[in-house]
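Bear in mind that the values in this text are calculations on the coordinates, not laboratory data. Not measured: the values here are computed from a predicted model. Note that we place each Cβ from the backbone using ideal geometry, even for glycine, and neighbour counts take in every protein chain shown.
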Amino acid sequence: MLAYLAVFGAAALTTWLLAFPVRAIAVRIGAVVPPDPGRVHTSPLPTLGGAAMFVAFFVAMLIASRTKHFAPVFHGSSEPLGVMLAAVVIFAVGALDDVVEVSPPAKFAGQVLAGTVLYFLGVSMFYLRIPFGDLFVLSRDLAPLATVLWVAAIANAVNFIDGLDGLAAGVIAIGALAFTIYSAQLTDAGLLTADNVGPLIAIIACGICVGFLPHNFHPARIMMGDAGALFLGLLMATSTLVVGGRINDPFSGQTYFFYAPLFIPFFILGVPIIDTAVATTRRAIRRTGIDRRDTESHLHYRLMRLGHGHRRSVLILWGWTAILSGFVLYPAVANRGNQLIPFGVAALGLALYTLFHPGIRGTTGNTPRPTPEDAPLDLPG
């Protein structure tokens with residue numbers, strides 16, 4: 001526990017401290033996102049907050065490598081190096097997009113490269129879990145493809161929910177903490193070995209998000225940008241790859257925690273399959289790009305149209321994430337209630353979708369703007 005707390009604290013404190021100079025540098029080099037109709041911000045906001053996360057990750061990894069508890073993770077294994085090199089690749093792609101804007105195919109190519117680096121340095125899944133289905137053993141031909149697609153899917157899922165101040169950071173913090181606790185249960189049950197890098201990556205991701213939230217919660221003073229969102233996606237992909245993708249013994253909550261980084265953004269946070277299809281169809285009819293922001297299809301924009309406001313919208317989504325994760329985590333800790341999980345998850349998802357489906361509209365049909373006292377502070381210089 002002390003080792004995890006030390007790594008968590010190092011990640012959180014380093015991220016919080018570095019966000020100050022990173023914000024100043026972003027303003028100086030012009031890495032500032034102006035307001036536009038597709039965003040909820042009404043003032044220019046510096047980006048590149050992912051740089052603070054990125055450096056904090058390496059600081060936390062360095063401290064972990066000097067900690068006795070995590071010695072098996074680093075001793076004789078290429079996986080930590082693979083995670084760090086893949087982090088460099090995906091952060092570089094995201095940072096470049098934050099500064100000069102990279103085309104979607106180029107960003108996807110960077111995600112594929114990051115996933116490929118992970119695979120060749122030993123970070124890959126052995127088993128693929130199908131919800132309410134069977135467990136598939138991946139062949140040598142399918143393992144690299146599954147690894148690469150998993151990284152790209154989760155990286156884009158995290159990037160997709162980065163629409164409101166503090167939303168992505170808070171959701172990943174909650175999800176990563178729940179995943180760390182779940183990994184501890186697997187370790188206690190003898191299903192997870194001490195050399196598994198997944199729990200370490202998850203607790204670092206949690207610490208990074210907690211350290212970034214004071215700067216990013218509304219009114220935000222800096223955005224994590226694609227650099228931060230894609231980077232966090234890589235960390236969550238890595239954790240699930242080496243934990244859920246390598247255990248074939250039955251244990252409560254395995255399927256959920258394997259797919260949690262996808263379930264939470266898409267299923268719980270307002271982008272169910274039907275909703276995505278509606279948004280894609282709308283954009284096709286209007287002849288707009290599918291990568292363009294759409295304030296009519298995302299749950300967090302609908303919440304604001306319903307009058308919840310920026311902060312309350314984020315807190316609601318944090319609450320749903322915590323309730324869902326806690327609901328699935330409880331049987332793993334208490335060793336009872338497994339039979340209720342499918343019904344509870346379905347009920348939570350259905351209730352949320354019923355309340356905020358695409359037909360919901362506010363009284364004005366427009367996304368509320370932040371009030372003056374909630375507006376982001378003017379940038380220096």
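Odds and ends about this structure:
- Debye log10 I(q)/I(0) for the stretch 44-153, one point scatterer per Cα, at q = 0.18 Å⁻¹: -1.01
- Likely footprinting exposure, Arg311, Arg28, Arg140, Arg23, fewest C-beta neighbours within 10 Å first: Arg140, Arg28, Arg311, Arg23
- Once both labels are positioned 7 Å from their Cα atoms along Cα-to-Cβ, the gap between Asp195 and Thr116 label points is 2.8 nm.
- For the stretch 104-158, chymotrypsin sites (Phe, Trp or Tyr not before Pro) are listed when DSSP marks them as loop and at most 12 other Cβ atoms sit within 10 Å of their Cβ; the list is Phe132.
- Listing Met223, Met84, Met53 from fewest to most neighbouring C-beta atoms within 10 Å gives Met84, Met223, Met53.
- For the stretch 34-100, applying the loop criterion from DSSP together with a ceiling of 16 other beta carbons within 10 Å to the chymotrypsin sites (Phe, Trp or Tyr not before Pro) yields no site.
- Cβ-placed point charges (K, R +1; D, E -1), dipole of the stretch 1-158 about Cα centre in debye, nearest 20: 380
- Estimated at 0.36 nm per residue, the fully extended path between Arg312 and Phe108 surpasses their Cα-Cα distance by 70.1 nm.
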